[in-house]
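Colleague: Pasting in a structure now, in structure tokens, and then I'll have a few things to ask.
The values are calculated or read from the model by the stated rules, or taken from the named source; none is laboratory data. Model, not experiment: these values are computed from the prediction. Every residue, glycine as well, gets a Cβ built from its backbone with ideal geometry; the counts of neighbours run over all protein chains shown. We work out accessible area using only protein heavy atoms, side chains counted, and drop any ligands, DNA or RNA first. Shrake-Rupley method; radii C 1.70, N 1.55, O 1.52, S 1.80 Å.
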Amino acid sequence: MADRADGERTVKPSGGEECAVVLNAGAGSLLGESDAESTLEELFARHGLRPRIRICEAGTGIDEFVSEVLADGISTIIAGGGDGTVSSVAARLVDTGASLGVLPLGTLNHFAKDLGIPLDRDEAVAAIAGGRTVRVDVGEVNGTIFINNSSLGLYPLTVSLREKEQERGTGKWLALAKALLDVLGRYPLLKVHMTLDGREIIRRTPIVFIGNNHYELEGFAMTRRSRLDEGVLSVAVTRDVGRLGLLGLLLRALVGRLRDAEDFSVLEGRELWIETRRNRLLVATDGEQQHMETPLRYCLHGTSLSVIVPRLATDEASVNEEQTVEVSKA
């Protein structure tokens with residue numbers, strides 16, 4: 001293994017079918033493993049794969065590595081890390097014909113769960129090696145691709161404040177608690193003018209959530225999807241309900257009754273424009289935050305990303321045939 005500039009390292013393949021593996025050095029499952037790349041190389045080799053592995057520090061170098069392996073003719077690129085890492089790799093593979101494998105090494109791993117990828121590392125590699133290729137949708141906002149969801153208002157502000165607390169040395173969960181208290185104390189509102197497939201919606205709201213395909217509302221949050229190829233954006237928005245009203249919505253979510261709330265609505269469409277009086281908004285996409293110029297344009301790229309999912313017991317011998325299917329949860 002040779003060291004590279006900017007904290008990147010590459011393991012060259014030695015035998016078998018070649019694939020590329022890009023890893024986030026900060027992924028929770030890799031922290032503290034000094035020999036993680038060697039372990040993974042051996043693991044992939046046991047399943048007949050010849051991995052070219054790149055470990056990227058702080059997410060840097062991902063685009064360059066993916067461009068490099070695509071130019072070398074490698075058509076299977078595996079992203080190891082959390083949803084942010086997977087999203088970064090996926091954005092480079094849209095409409096390229098190359099296939100994305102997901103090695104869930106993050107904390108939440110929403111995309112892997114929706115694809116039915118095992119969360120155990122060894123099982124995930126086995127699923128990739130013996131899997132099948134399907135095509136799924138991705139969303140886009142102002143040129144930024146997302147595989148899960150995007151949001152405005154309370155969520156990105158909470159994450160931004162939590163990250164600032166962590167930079168001061170505060171632990172993750174205490175930082176989150178402080179950020180939540182700060183946000184609820186401020187209770188910031190957005191006045192948004194939304195146009196969804198020609199329908200106009202004007203709201204004063206603490207949060208707007210835009211999902212790549214339909215999210216289920218049961219449980220505490222909108223975190224599960226049964227399909228990734230429906231071809232719709234799922235837009236959830238609440239009215240200005242005040243702090244107590246917002247707490248009530250959270251309580252409804254806890255008992256699975258969010259869909260019944262009068263002040264909460266979910267709409268679906270393929271193109272969404274969001275206008276506000278602000279020139280820039282803090283926007284979250286797959287857990288990452290950035291400021292974007294307004295208006296915001298959201299759109300869907302139907303079945304534009306090839307992904308590897310576990311082979312079904314009913315699959316025939318030809319597992320490499322590309323098809324559009326319903327993606328089941330693990």
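Colleague: Go through region 124-160 and report how many residues are among the aliphatic types (A, V, I, L, M), over 17 Å from S306 (Cβ atoms), open to solvent by 10 Å² or more (accessible area, probe 1.4 Å) and not in a helix (DSSP H, G or I).
Modeller: 0
Colleague: Going through V266, V241 one at a time, which residue ends up being open to solvent by 20 Å² or more (accessible area, probe 1.4 Å) and at pLDDT below 80?
Modeller: Working: V266 fails: at pLDDT below 80.
Being open to solvent by 20 Å² or more (accessible area, probe 1.4 Å) and at pLDDT below 80 holds for just one of V266, V241, which is V241.
Colleague: If you take the residues of region 87-123 that are touching a strand residue (DSSP E or B) at 6+ places or on another chain (Cβ under 7 Å) and in a strand (DSSP E or B), which of them is farthest from D286 (Cα to Cα)?
Modeller: Ranking the qualifying residues of region 87-123, first place goes to S99.
Colleague: Would you mind telling me which numbered condition in (1) touching a helix residue (DSSP H, G or I) at 6+ places or on another chain (Cβ under 8 Å); (2) closer than 14 Å to I308 by Cβ; (3) not β-branched (V, I, T) H110 fails?
Modeller: H110 satisfies every listed condition except (2).
Colleague: Say whether the condition of being more than 20 Å from T285 (Cβ to Cβ), open to solvent by 10 Å² or more (accessible area, probe 1.4 Å) and not in a strand (DSSP E or B) is met by at least one residue in region 75-83.
Modeller: The answer is yes, given that some residue of region 75-83 is more than 20 Å from T285 (Cβ to Cβ), open to solvent by 10 Å² or more (accessible area, probe 1.4 Å) and not in a strand (DSSP E or B).
Colleague: A further question follows. Among (1) over 24 Å from G82 (Cβ atoms); (2) at pLDDT below 60, there is one condition G302 misses while meeting the rest; what is its number?
Modeller: (2)
Colleague: Sticking with this one: Among the residues that make up region 131-146, is at least one of them modelled with pLDDT of 95 or more, over 27 Å from A236 (Cβ atoms) and among the small types (G, A, S)?
Modeller: Checked region 131-146: no residue is modelled with pLDDT of 95 or more, over 27 Å from A236 (Cβ atoms) and among the small types (G, A, S).
Colleague: May I ask you to list the residues in region 54-74 that are closer than 17 Å to I308 by Cβ, over 18 Å from the mean Cα position of the chain (by Cα) and open to solvent by less than 20 Å² (accessible area, probe 1.4 Å)?
Modeller: Scanning region 54-74 gives V69, I74.
Colleague: Filter region 16-40 down to the residues that are more than 20 Å from the chain's Cα centre (by Cα) and modelled with pLDDT of 90 or more, then identify the one that is nearest to I128 (Cα to Cα).
Modeller: Across region 16-40, the extreme among qualifying residues is C19.
Colleague: So the check is Cβ under 9 Å with 6+ separation or different chains; which pairs have a first residue in region 197-222 that's within 17 Å of E140 (Cα to Cα) and part of a strand (DSSP E or B) and a second one that's modelled with pLDDT of 90 or more and among the acidic types (D, E)?
Modeller: N212/D137
Colleague: Continuing with the same structure: If the Cβ limit is 6 Å and pairs must be 6+ apart or interchain, which residue in region 280-296 that is farther than 24 Å from H110 by Cβ pairs with which residue that is of a type in the set (V, I, T) and part of a loop (DSSP other than H, G, I, E, B)?
Modeller: Close Cβ pairs (under 6 Å, with a partner that is of a type in the set (V, I, T) and part of a loop (DSSP other than H, G, I, E, B)) amount to T294/T276.
Colleague: Being in contact with a helix residue (DSSP H, G or I) (Cβ under 9 Å, 6 or more places away or on another chain), open to solvent by 50 Å² or more (accessible area, probe 1.4 Å) and either closer than 30 Å to A127 by Cα or modelled with pLDDT of 95 or more (or both) narrows it down to one of E230, E321, E288, so name that one.
Modeller: E288
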